[in-house]
Amino acid sequence: MEPIMNRIWPRVFQRLYRTSVLPRRNHSGCAEQATVPASTNSKHIKPTLLVSRLYQPSNLRDVGQDSRLQGEVTCKSQRLMQQAGLIHPSNPGCYYYLPALVRSMEKLVRVIDQEMHGIGGQKLDMPSLCSANLWKTSERWDLMGKELFRLKDRHGADYCLGPTHEEAVTTLVAHQTTLSYRQLPLLLYQITRKFRDEPKPKYGLLRGREFYMKDMYSFDASEEAAYQTYESVCQAYAGLFARLGLRCVQVQADTGNIGGTLSHEFQLPADIGEDRLLVCGNCSFSANVETMSSDRTDCPQCKTGTLGESKGIEVGHTFYLGKKYSHIFNATFSNAQNKSSIAEMGCYGLGVTRILAAAIEVLSTEEGIRWPGLLAPYQVCVLPPKKGSKVDDATVLAEELVHTLGETGPHLRGEVVLDDRTQMTIGKRLKDANRLGYPYVVVVGQGALEETPRFEVICQETGETMFLSKDGLLDLLGRVKTV
């Protein structure tokens, strides 16, 4: 019996070691986002998110320096997002969205939903595969030209992958023959993948062939009511960008192949922006140069100001459509006199993935990502000491801190990660944390072992470093806004 037990016990101890809170480093380089069991002494403590277990195949010191990738990386946001393992190139203009980016995108979608619901928006989902008959009826099948992805089914019927859904949503509303003026304004929106056959996709997620977009369509009883809806959406857009901490400029714009009589773009000023903007230094006037003479310098609004030119990244667009589509597809409602009337329409777009990339482009340094606070994949990264160092005892305190943050601040549950790669020095992990852009980094070192424990806290947005007690740390992070 004794020889058998001598063979079994080493296996038991090895199994116990593998299930500790800080496991040995997984060298596969490709681990899934998962949690690990808590130790047997803390049965009621929830599992911890560990950096080594997140599927974020970052290449923090190589991407952009690798000669094979140098020619493909065309802007700062693309380089930083590939470095950090947020995106991975697939086909020209198409990317894998990896888990950290998906977390950010889901947060942005929640913010958009809140703003759209606030003005009465109702969310739906329309087919991406659109019948050519609808587009031919609106005469946009030919107007869109080569930008439209076209295909045939096995029966020879023509379809396209929708870059926008004016035809589809108007047809949907037209099928509701009992729509009353009392139900207006009707605001329907979706957040889905869109497709556009860009001739030269570039700048990562800023100009691709496949992307996520929020598109909303409004139906009103009168032109006056439609303008009021238009204004309410523009105000909601301004509120959304203010919540994200992004300086966005609303400019007069061309209606393009969408059509209508009024249009505005929402632009983030940026040197790599492809749109040229004219902005008055004396009043609120601003316009895309496409709507004016490029050599004009006097302001058409205040008459005294001078127009200055800048560049911007378009992240939103609004259109007043009038009856352009509702007349074609017979989208009607019953008015107060119980007679059939054609609805007035508007459409409103937000580039979801473009907002994420543009925010990184304008907020980040050359070395590291800076997120709009609400959209960071994780809010806090806790760094325990290097394994085998003189302050190795602080590792347990780091683990306890992660659990405390999740228990005392419910808004931080799922927002705190523990960088368990303790085979690396604090310095190297700090550099990685800077590049990945965690809004707050907490270093648990010598100070945590003192009679009155202190934690080093780095705020990535301001670059400020603070040394706080545990209560001070909990107070600071308790004020972090999440969505």
Once the chain is represented by equal point scatterers at the alpha-carbon sites, with solvent omitted, what log10 I(q)/I(0) does the Debye formula produce at q = 0.09, 0.10, 0.12 Å⁻¹? -0.74, -0.87, -1.11
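Do any trypsin sites (Lys or Arg not before Pro) in region 263-354 lie in a DSSP loop with no more than 16 other beta carbon atoms within 10 Å, and if so, which? Mind showing how you got there, number by number?
Values: sites: Arg276, Arg296, Lys303, Lys311, Lys323, Lys324, Lys339, Arg354; in loops: Arg296, Lys303, Lys323, Lys339.
Counting only loop positions with at most 16 other Cβ atoms within 10 Å, the trypsin sites (Lys or Arg not before Pro) in region 263-354 are Arg296, Lys303, Lys323, Lys339.
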Between Asn338 and Lys146, what is the label-point separation in nm under the 7 Å Cα-to-beta-carbon projection? 5.7 nm
GluC sites (Glu not before Pro) within region 133-166, DSSP loop, no more than 16 other Cβ atoms inside 10 Å: Glu139
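Using just the helices of the chain, give the 222 nm mean residue ellipticity in deg cm²/dmol: DSSP H runs with n ≥ 4 each add -39,500 (n - 2.57), and the total is spread over all residues, rounded to 500. Spell out each step's value before the answer.
Numbers: 13 runs with 142 residues, N = 483.
Using -39500 (n - 2.57) per qualifying helix, the result is -9000 deg cm²/dmol.
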Region 167-195-region 304-383 distance, computed between alpha-carbon centres (Å): 18 Å
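List the pairs from Lys76/Lys194; Lys76/Lys152; Lys107/Lys387; Lys200/Lys481; Lys324/Lys481; Lys200/Lys303 whose alpha-carbon separation is above 32 Å, in the order I gave them. Please list the in-between numbers first.
Details: Lys76/Lys194 24 Å; Lys76/Lys152 39 Å; Lys107/Lys387 35 Å; Lys200/Lys481 39 Å; Lys324/Lys481 42 Å; Lys200/Lys303 39 Å.
Violating the 32 Å limit, Cα to Cα: Lys76/Lys152; Lys107/Lys387; Lys200/Lys481; Lys324/Lys481; Lys200/Lys303.
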Taking the 0 to 90 degree range and rounding to the nearest ten, how far is the long axis of helix 426-436 tilted relative to the main principal axis of the chain, both from C-alpha atoms? 10 degrees
Among the trypsin sites (Lys or Arg not before Pro) in region 361-398, which ones are in a DSSP loop with at most 13 other Cβ atoms within 10 Å of the Cβ? Mind listing them? Lys390
Under the Karplus curve 6.51 cos²θ - 1.76 cosθ + 1.60, θ = phi - 60°, whole-Hz ³J(HN,Hα) for region 79-87, x wherever Gly or Pro sits: 5, 5, 5, 6, 4, 7, x, 8, 9
Starting from the Cα of Ser90, move 7 Å in the Cα-to-Cβ direction to define the label point; list residues of region 195-214 whose amide nitrogen is under 14 Å from there. 195-196, 205, 208-212
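Let me check something: with ligands and nucleic acids excluded, how do Asp254, Asp393, Asp271, Asp197 order by accessible area (1.4 Å probe), largest to smallest?
The residues order as Asp271, Asp393, Asp254, Asp197, largest area first.
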Could you state the angle between the C-alpha long axis of helix 394-408 and the longest principal axis of the C-alpha atoms of the chain, as a value from 0 to 90 degrees rounded to the nearest 10? 40 degrees
Between the helical axis of 99-118 and the dominant principal axis of the chain, each derived from Cα atoms, what acute angle in degrees is found, rounded to the nearest 10? 50 degrees
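Could you tell me whether region 200-246 comes out rounded, prolate or oblate from its Cα gyration tensor? Rule is a ≥ b ≥ c as square roots of the eigenvalues, rounded for a/c under 1.5, then prolate if a/b exceeds b/c, otherwise oblate.
Details: a/c = 3.85, a/b = 1.75, b/c = 2.21.
In terms of gyration-tensor shape, oblate.
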Which residues' amide hydrogens lie under 5 Å from the amide hydrogen of Phe149, considering only partners 5 or more residues apart or on another chain, with H built in the peptide plane? Leu161, Asp197
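First check a/c for region 235-382, with a ≥ b ≥ c the square roots of the eigenvalues of its C-alpha gyration tensor; if it is under 1.5, answer rounded, and if not, answer prolate when a/b is larger than b/c or oblate otherwise.
Values: a/c = 2.59, a/b = 1.35, b/c = 1.91.
Here region 235-382 falls in the oblate category.
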With labels modelled as points extended 7 Å from the Cα through the Cβ direction, what inter-label distance (nm, one decimal) is found for Leu449 paired with Asp254? 6.7 nm
Using alpha-carbon positions, the gyration tensor of region 65-207 gives root eigenvalues a ≥ b ≥ c; with a/c under 1.5 called rounded, otherwise prolate if a/b exceeds b/c, else oblate, the class is oblate
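The values are calculated or read from the model by the stated rules, or taken from the named source; none is laboratory data. On a predicted model such as this, the values are computed, not experimentally measured, just so you know. Note that each Cβ is placed from the backbone with ideal geometry, even for glycine, and that neighbours are counted across all protein chains shown. Each accessible area value is taken on the protein alone, full model and side chains, heavy atoms only, with ligands, DNA and RNA left out. Shrake-Rupley method; radii C 1.70, N 1.55, O 1.52, S 1.80 Å.
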